[in-house]
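The values are calculated or read from the model by the stated rules, or taken from the named source; none is laboratory data. The structure displayed is predicted, hence computed values, not measured ones. Note that each Cβ is placed from the backbone with ideal geometry, even for glycine, and that neighbours are counted across all protein chains shown. Heads up: the accessible areas ignore ligands, DNA and RNA and are worked out on the full protein's heavy atoms, side chains in. Shrake-Rupley method; radii C 1.70, N 1.55, O 1.52, S 1.80 Å.
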Amino acid sequence: MTESPSPSAEAAAASRAPVGLFEAFLFWLKLGFISFGGPAGQIAIMHQELVERRRWISEKRFLHALNYCMVLPGPEAQQLATYIGWLMHRTWGGVIAGGLFVLPSLFVLIGLSWLYVAFGEVPVVAGLFYGIKPAVTAIVVHAAHRIGSRALKNGWLWAIAAASFVAIFALNLPFPLIVLAAAVIGYIGGRLLPGKFALGGGHGAAKASYGPALIDDDTPTPEHARFRWSLLLRLCVIGAALWLLPMGLLAAAFGWQGTLTQMGWFFTKAALLTFGGAYAVLPYVYQGAVGHYGWLSPTQMIDGLALGETTPGPLIMVVAFVGFVGGYVHPMFGADHPFLAGAVAASLVTWFTFLPSFLFILAGGPLVESTHNELKFTAPLTGITAAVVGVILNLALFFGYHVLWPQGFSGAFDWPSALIAVAAAVALFRFKRGVIQVLFACALAGLAVHLLRG
């Protein structure tokens with residue numbers, strides 16, 4: 001086994017030299033603009049930069065934090081950035097790291113959402129989205145396959161996935177109920193059949209060492225990361241205030257049934273249900289935003305997911321698109337200010353979606369740091385992840401129906417869309433192409449079909 005030519009002196013120097021808050025700020029800002037590729041790609045970028053290259057944190061401590069973030073509802077990559085930022089630079093370090101992971105995506109999506117709403121009927125734009133829609137269908141199928149191949153390790157988990165599909169597809173049961181039932185089954189299964197409900201996925205013990213790190217395996221937990229009841233209570237009070245104050249102002253200004261108030265309430269609930277990533281919560285967002293509230297149409301939901309796939313940051317940022325379109329279509333500041341209404345709605349939706357993630361990290365981090373052993377909450381998560389596979393498959397069928405039969409089953413079958421969807425699936429499954437590449441190629445194919453038809 002050959003050693004890296006990098007001298008140990010460099011590693012030791014890196015482990016001793018403190019990282020200033022401004023230096024960390026610049027890194028988290030850069031990460032916010034390059035964090036493409038979904039959670040797997042984002043976590044890989046952080047591992048490469050923080051563990052391998054900069055050595056701000058050791059492999060073992062990095063994976064220990066990641067295991068915790070995987071148990072939580074919410075985007076694990078954003079929560080991991082928050083955790084590491086908090087561990088290095090206290091509360092403000094976590095707020096900066098987690099905030100910069102989201103803000104670039106929010107600003108980009110507000111701009112793209114406005115272009116979509118304002119110019120979506122322009123032939124060129126319509127043609128591009130004509131090709132993107134079937135590509136999104138293939139991407140969701142690929143996501144179901146990717147998660148399923150990792151999560152469904154035995155017949156019990158396959159049965160949970162099948163039951164969740166039937167529950168949402170045939171029985172139209174609400175997504176929160178499915179998540180709760182899967183968690184209970186996972187908890188019971190973990191006690192009765194622990195071998196069948198062990199958490200898989202490769203986030204186990206560290207397998208490599210990259211030299212001494214600033215936060216190394218045996219680095220003592222910093223004072224601010226030690227558990228104290230007074231700190232937990234203070235964070236709970238601050239978190240409640242940060243939720244109650246904007247919610248109270250919205251209710252006072254627009255009433256409880258106002259669009260912005262209902263968006264805040266709905267996306268607070270959605271934020272607590274994002275076990276298994278953004279694809280898992282999308283059916284719940286669809287049930288509420290499309291089916292119950294009518295903030296946007298099924299076709300717009302598909303387009304929003306496509307925009308979310310092409311921007312940096314967590315995929316759950318598609319909620320900003322949902323908020324913008326809902327605010328733009330139902331302007332609460334008068335008919336002359338639809339953009340303002342959309343931008344405010346997108347910002348508020350983002351606030352209510354990510355606030356719980358920050359609180360989970362800042363309040364739970366000290367508990368996690370108190371032990372570097374494997375977490376004990378994995379069996380319910382295993383059950384939830386299995387259920388998520390069935391839910392995502394239902395989402396793929398929903399998208400496929402609206403793409404391939406745009407006028408319903410009574411209308412014509414859209415053969416060009418079907419061919420684009422098949423080509424996208426082949427590119428993803430057979431040739432392992434990236435999501436951005438697939439979306440770009442399918443958008444050009446859709447534009448060509450649209451122009452030829454015109």
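Report yes if some residue within segment 103-122 is within 30 Å of residue 366 (Cα to Cα) and not aliphatic (A, V, I, L, M); otherwise report no.
Looking through segment 103-122, at least one residue is within 30 Å of residue 366 (Cα to Cα) and not aliphatic (A, V, I, L, M).
If residue 108 passes every condition in (1) open to solvent by less than 20 Å² (accessible area, probe 1.4 Å); (2) among the aliphatic types (A, V, I, L, M); (3) within 19 Å of the chain's Cα centre (by Cα) but one, which one does it miss?
Result: residue 108 fails condition (1) only.
Just give me the residues in segment 25-41 being modelled with pLDDT of 80 or more, under 15 Å from the mean Cα position of the chain (by Cα) and not small (Gly, Ala, Ser), in sequence order.
Selection gives nothing.
Which number in (1) modelled with pLDDT under 85; (2) among the aliphatic types (A, V, I, L, M); (3) surrounded by fewer than 23 Cβ atoms within 10 Å (Cβ to Cβ) marks the one condition that residue 136 misses?
(3)
Looking at residue 333, is it of a type in the set (Phe, Trp, Tyr), farther than 24 Å from residue 64 by Cα and in contact (Cβ under 8 Å) with a residue 60 or more places away in the chain?
No.
Quick check on my filter: what residues within segment 141-162 are over 25 Å from residue 302 (Cβ atoms) and among the β-branched types (Val, Ile, Thr)?
160
Of the conditions (1) more than 13 Å from residue 305 (Cα to Cα); (2) modelled with pLDDT under 85, residue 101 satisfies every one except a single condition; which number is it?
Of everything listed in (1) more than 13 Å from residue 305 (Cα to Cα); (2) modelled with pLDDT under 85, residue 101 misses just condition (2).
So which helices (runs of 4 or more DSSP H) are wholly in segment 375-454 and hold at least 1 residues that are open to solvent by 80 Å² or more (accessible area, probe 1.4 Å) and of a type in the set (Lys, Arg)?
It comes to 435-453.
With respect to residue 55, determine if the residue is part of a helix (DSSP H, G or I) and modelled with pLDDT of 80 or more. Give the derivation first.
On the way: part of a helix (DSSP H, G or I): no; modelled with pLDDT of 80 or more: yes.
Judged against the criteria, residue 55 is not a match.
Restricting to segment 111-133, name every residue that is under 19 Å from the mean Cα position of the chain (by Cα) and of a type in the set (Phe, Trp, Tyr).
Across segment 111-133, there are no qualifying residues.
Restricting attention to segment 145-191, which residues are open to solvent by 80 Å² or more (accessible area, probe 1.4 Å), at pLDDT below 90 and either among the β-branched types (Val, Ile, Thr) or part of a loop (DSSP other than H, G, I, E, B) (or both)?
153, 171, 172, listed by residue number.
What do you reckon, is residue 209 of a type outside the set (A, V, I, L, M), more than 16 Å from residue 369 (Cβ to Cβ), at pLDDT below 80 and open to solvent by 60 Å² or more (accessible area, probe 1.4 Å)?
yes
Looking only at segment 76-90, how many residues end up being among the polar types (S, T, N, Q) and at pLDDT below 95?
The total comes to 2.
Quick test of your reading of the structure: residue 368 fulfils all but one of (1) among the β-branched types (Val, Ile, Thr); (2) crowded, with 22+ Cβ neighbours inside 10 Å; (3) closer than 22 Å to residue 78 by Cα. Name the failing condition by number.
(2)
Output the number of residues of segment 89-98 satisfying the condition of being of a type outside the set (A, V, I, L, M, F, W, C) and surrounded by fewer than 19 Cβ atoms within 10 Å (Cβ to Cβ).
The number of residues fulfilling the criteria is 2.
Do you know which residues across segment 111-133 are over 19 Å from residue 317 (Cβ atoms), open to solvent by 30 Å² or more (accessible area, probe 1.4 Å), aliphatic (A, V, I, L, M) and in contact (Cβ under 8 Å) with a residue 24 or more places away in the chain?
Those that are over 19 Å from residue 317 (Cβ atoms), open to solvent by 30 Å² or more (accessible area, probe 1.4 Å), aliphatic (A, V, I, L, M) and in contact (Cβ under 8 Å) with a residue 24 or more places away in the chain: 124, 128.
Does any residue in segment 144-166 that is without any contact (Cβ under 8 Å) to a residue 12 or more places away in the chain come within less than 9 Å, Cβ to Cβ, of a residue that is open to solvent by less than 60 Å² (accessible area, probe 1.4 Å) six or more places away or on a different chain, and which pairs are these?
Correct list of pairs: 159/386.
Report the residue count in segment 428-454 for those that are free of Cβ contacts under 8 Å to residues at least 24 places away in the same chain, of a type in the set (A, V, I, L, M, F, W, C) and over 26 Å from residue 123 (Cα atoms).
Total satisfying the criteria: 1.
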